[in-house]
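Following: one structure in structure tokens, then a few remarks.
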Amino acid sequence: MTSFGDLLGPPPVLLDLDEEPESQLTSGRPAVEVAADFPTSSLAWGTLAEAALDDEQVVTAYAYARTGYHRGLDQLRRQGWRGFGPVPYSHENNRGFLRAVAALARAAKAIGEEDEYLRCLDLLNDCDPEAAGELGLGG
């Protein structure tokens, strides 16, 4: 588990469980249906983005991932996050947002948007230095 030892920085943000969308995705319901029924779920959008990346539909993946990223930002801000500070990957409920950011990074890189790719990597590293590696982007 990552240690967030900066005593002067904000405490880690631990998002609330997005139980129903996660349950439906786990049970095999198509992510497109889950996202339509739960449009605030960054997990659903991130799942859609990952599937689009797997199918080499990078522009579609970019759009899905950007939606998941923004939905996650909304959730983080409601928890008091001010655009910086730890969002630990070890807290499972944070993973939908972090997965959407990682998918956005991969899609941005695939379409040649290097600045966006680097911003996403910076965000992941700022949220949790282990997140990029856990999500297959290296450290």
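Show me, for the stretch 129-138, the HN-Hα J-couplings you get by feeding each phi into the Karplus relation (A = 6.51, B = -1.76, C = 1.60, θ = phi - 60°), rounded to Hz, glycine and proline as x.
x, 8, 4, 4, x, 5, 9, x, 10, x
Can you pull a Stokes-Einstein diffusion coefficient for the chain at 10 °C (1.306 mPa s), Rh from Kirkwood over Cα pairs, as a whole number of µm²/s?
Here the translational diffusion coefficient equals 107 µm²/s.
Kindly give the semi-axes, whole Å and largest first, of the ellipsoid equivalent to the stretch 54-128, taking each as the square root of 5 times a Cα gyration tensor eigenvalue. All intermediate terms of the calculation are to be shown ahead of the outcome.
Working: eigenvalues 92, 32, 22 Å².
In descending order the semi-axes read 21, 13, 11 Å.
Roughly how many nanometres apart are two label points built 7 Å out from the Cα toward the Cβ at GLU20 and GLU33?
1.5 nm
Could you list which residues have their amide H under 5 Å from that of SER90, counting only those 5 or more apart in sequence or on another chain, with H placed in the peptide plane?
Residues meeting the criterion, in which the H sits 1.01 Å from N, are THR2.
Under the definition of Cα pairs under 8 Å and six or more residues apart, what whole-number percent is the relative contact order of the stretch 1-119?
Computed value for the stretch 1-119: 31 percent relative contact order.
Say we join alpha carbon atoms closer than 10 Å with springs in a Gaussian network model of the chain; which of LEU43, LEU25, LEU104 then has the biggest fluctuation?
Ranking LEU43, LEU25, LEU104 by mean-square fluctuation puts LEU25 first.
Could you give me the ³J(HN,Hα) list for the stretch 112-128, computed from phi with Karplus coefficients 6.51, -1.76, 1.60 and θ = phi - 60°, whole Hz, x at Gly and Pro?
For the stretch 112-128, the Karplus-derived couplings read x, 8, 4, 4, 5, 4, 5, 4, 5, 4, 4, 4, 4, 5, 5, 5, 6 Hz, x marking Gly and Pro.
With a 10 Å cut-off between alpha carbons and a GNM built on the chain, which of PRO12, PRO88, PRO21 moves the most?
PRO12
Restricting to Cα pairs below 8 Å that are 6+ residues apart, what does the relative contact order work out to for the stretch 65-139? Please round to a whole percent.
Values: 76 pairs, mean separation 23.9, N = 75.
Across the stretch 65-139, relative contact order equals 32 percent.
Sorting PHE84, PHE97, PHE38 by accessible area (1.4 Å probe), largest first, what list results?
PHE84, PHE38, PHE97
Looking at the stretch 1-98, which GluC sites (Glu not before Pro) are DSSP coil and have at most 16 other C-beta atoms within 10 Å of their C-beta? Each step should come with its number before you reach the end.
Values: sites: GLU19, GLU22, GLU33, GLU50, GLU56, GLU92; in loops: GLU56.
Here the sparse-neighbourhood loop sites are GLU56.
The values are calculated or read from the model by the stated rules, or taken from the named source; none is laboratory data. The structure presented is a predicted model; accordingly, all values stated were derived computationally and were not measured. In this analysis, Cβ positions are derived from the backbone assuming ideal geometry, glycine residues included, and neighbour counts consider all displayed protein chains. Heavy atoms of the whole protein, side chains included, go into the accessibility calculation; ligands, DNA and RNA do not. Shrake-Rupley method; radii C 1.70, N 1.55, O 1.52, S 1.80 Å.
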